[in-house]
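The values are calculated or read from the model by the stated rules, or taken from the named source; none is laboratory data. These figures come from a predicted structure and were not determined experimentally. Don't worry about glycine lacking a Cβ; one is built from the backbone with ideal geometry, like all the others, and counts go over all protein chains shown.
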Amino acid sequence: MMMQIGEKQAGNGSLVGKNQPPVGEKHQANDKPEANGKAEVSPKQEADGKGDTPRKSLNLYSWQEIQRHNQEADQWLVINRKVYDVTSWADRHPGGHRVLHHYAGEDATAQLVEDFRELRRTLEAMNMFSASLGFFSLHLIQILILEVLAWLMLWHFGNGWPITICISFLLTISQAQSSFLQHDTGHLSIFKKSKWNHLMHRFVMCHLKGLSVKWWNHRHFQHHIKPNIYPKDPDIDVGPLFLVGDLQPLKYGKKKIKYIDYEKQHLYFYMVALPLLMPVYFNLQSMQVMYLRRYWKDIVWVSSFYIRYFIAFGPFYGIFGTILLIYLVKFLESPWIACVTQMSHIPMKMSREENRDWLSTQVLATCNVEQSFFNDWFTGHLNFQIEHHLFPTMPRHNYQKVAPLVRSLCAKHGLQYVNKPILKAFGDIVRSLKKSAALWMDAYYET
Ligand SMILES: [Zn+2]
C-alpha cells in the first residue's frame, strides 16, 4: 500500500478558479511515502494563497482513501504526489468534464518514467514545441486554392458530369486536408495568442467542414488520454456494430450475443464503416451534441458552412443537388480519414484500465506508418502517431526530428516501437477485425 503525505492549502489559483471556494490541495511533505496506514498531521503554517510558504497542515492519504474519490461528484487527482480535489473544476476543463474523470482516484504522473520527462525537457530546450506559422499557413492556402479552383472550374465549364466528378475530388482533398488542419489547431497553439488559435480552429472545423469544434474536442481528448482503453476511449466504443480487440469479442461471444454476423465484420467494414463514418456517424453525432448541449457559437459557425455551399453551388446544382454534392464529398472523404485514423490504433493493444504510465499507455496503443513526402501529406503527419500521442501539443513538422529520440527511449525500456508501410497498415485494420471476429466465433459457438 502506498501512502500520500499532503498538506491543505487554500485557494491555489493554478488549479482552481479564483471564484472557487478553498479547495483541499494536499501537498506532499517529503519524498518517502509512509506506510503505516494512518493520516499524519504536520506542523502547521498559515496560508495566504500566494506566499512562498502556503502550508497549513500536513495530511496523509492512503491510496484506498484517494481511490474512493473517483466519482463525478467527488473526484480527487494525484499530480506529482500532491492530492487535488478537482470536482468543481472538472466541468470547466477545456477538454470536457470526462477528461479529468478518467484519471480520478489514481496517480496521474507518479509512475512516469523519469527518462520520459528528461526527453520532454530536452525537446523543449530544442524548441520542438513551437509551431511554424509559415507551415500551417501553406496548409491553409492549399485548402483555399482547392476550394476556389473547384468553384472556378464549375463556373467556367458548367455542371456536366465530368466536371462534377472532377470538382468532387478537389473538394474531397480539401476536406481531408481541412480535417488534418483542424486536428492541428485543436491540439496546439499556432498563433501566439490562443484567442486567434480558437478562432482558426472554429473557422476550419465549423466553416470549412461543417462540424462542431466542441463536439470534436471532447471526443478526441478522451481518446488521447486513454487510447484503446475500454470504455474510456470513445474511438473504440464501436459495439454493437463492430467488435474490436479481444475483450469485447469474448464478452459478446460468451453472452451469446449476435446483433450482426460479426464473422463478416471485416467485409461490412468496407461497405458500412468506411463510407458512412463521416457523412452519417460523425455528422449526426456532431449535430446531436451541438443541439443537445446548446453550443450556439458552433451552430452559427456550422450554418455558415451550409450557407457558403448554397451560395457557391446552388446556382449550378439547385438546393437538392447542392445537398447531394455536400454528402458526396463527405462520402468520398470518409474512407480516407477512417483508414488514416484507424490504422494507428485498431491493430494495437486494447485493454481495460491498467493504470500504466503515460509513455507505455501511449506506445502500447499506437503505431506509426513509414515516413515519405506522400505519406506525410496523405495522413496529415498522423503517420507519426506515436510522437503525436506522446506529445499532443507538438507541431507536426517536428515529428520527424524527434522520432529517433522517441524510438531509442522505447528501445531502452523494452517498448515495441511499431513502424510499418502504409499499405500494410491499411491491411492490418482488416486483419485485426478478422482476428476479433474469430475470437467472437470461438466463444459464441462453444458449447
Ligand atoms: Zn490527436
**Request:** Search region 217-230 for residues that are closer than 12 Å to Thr366 by Cα and hydroxyl-bearing (Ser, Thr, Tyr) and pair each with any residue that is in a loop (DSSP other than H, G, I, E, B) and away from the ligand (no atom under 11 Å from the Cβ) when their beta-carbon atoms are under 7 Å apart and the residues are at least 6 apart or on different chains.
**Result:** none
**Message:** Considering only region 243-251, I want to know if a residue exists there that is crowded, with 21+ Cβ neighbours inside 10 Å, over 29 Å from Leu364 (Cβ atoms) and at pLDDT 85 or above.
**Reply:** no
**Message:** within 26 Å of His388 (Cα to Cα) and in contact with a Gly (Cβ under 7 Å, 6 or more places away or on another chain): is that true of Phe191 in this structure?
**Reply:** no
**Request:** Return the total of residues in region 246-271 being out of contact with any helix residue (DSSP H, G or I) (no Cβ under 9 Å at 6 or more places or on another chain) and touching a residue at least 12 places away in the same chain (Cβ under 8 Å).
**Result:** 1
**Fill in**
Of (1) hydroxyl-bearing (Ser, Thr, Tyr); (2) surrounded by 20 or more Cβ atoms within 10 Å (Cβ to Cβ); (3) within 20 Å of Trp155 (Cβ to Cβ), Tyr317 satisfies every one except (2)
**Prompt:** From the residues in region 428-444 that are of a type outside the set (Ser, Thr, Tyr) and under 23 Å from the mean Cα position of the chain (by Cα), which one is surrounded by the fewest Cβ atoms within 10 Å (Cβ to Cβ)?
**Reply:** Val430
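Is it the case that region 294-301 has a residue that's in a helix (DSSP H, G or I), within 28 Å of His381 (Cβ to Cβ) and at pLDDT 95 or above?
Yes, the conditions are met somewhere in region 294-301.
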**Message:** within 16 Å of the ligand (Cβ to nearest atom) and either under 22 Å from the mean Cα position of the chain (by Cα) or surrounded by fewer than 19 Cβ atoms within 10 Å (Cβ to Cβ) (or both): which single residue out of Ser130, Ser178, Ser194 fits that description?
**Reply:** Ser178
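Condition test on Leu171, is it at pLDDT below 95, among the aliphatic types (A, V, I, L, M) and more than 16 Å from the ligand (Cβ to nearest atom)?
no
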**Item:** helices (runs of 4 or more DSSP H) fully within region 201-291 counting 3 or more residues that are touching an Asp or Glu at 6+ places or on another chain (Cβ under 8 Å), within 16 Å of the ligand (Cβ to nearest atom) and not basic (Lys, Arg)
**Value:** 213-225
**Request:** Report the residue count in region 262-290 for those that are of a type outside the set (A, V, I, L, M), exposed (fewer than 12 other Cβ atoms within 10 Å of the Cβ) and either in contact with a Leu (Cβ under 9 Å, 6 or more places away or on another chain) or modelled with pLDDT of 80 or more (or both).
**Result:** 0
**Request:** Considering each residue of region 100-139, count those that are modelled with pLDDT under 65 and part of a helix (DSSP H, G or I), and give that number.
**Result:** 2
**Asked** Within the set of pairs 6 or more residues apart or between chains, which connect a residue that is free of Cβ contacts under 8 Å to residues at least 24 places away in the same chain and within 11 Å of Tyr262 (Cα to Cα) inside region 234-245 to a residue that is aromatic (Phe, Trp, Tyr) and surrounded by 16 or more Cβ atoms within 10 Å (Cβ to Cβ) with Cβ atoms less than 8 Å apart?
**Response** Gly239/Tyr252; Pro240/Tyr252
**Residue check, Trp161 modelled with pLDDT under 95 and within 15 Å of the ligand (Cβ to nearest atom)** = no
**Qualifying positions in region 403-427 - hydrophobic (A, V, I, L, M, F, W, C) and surrounded by fewer than 22 Cβ atoms within 10 Å (Cβ to Cβ)** = Ala403, Leu405, Leu409, Cys410, Ala411, Leu415, Val418, Ile422, Leu423, Phe426
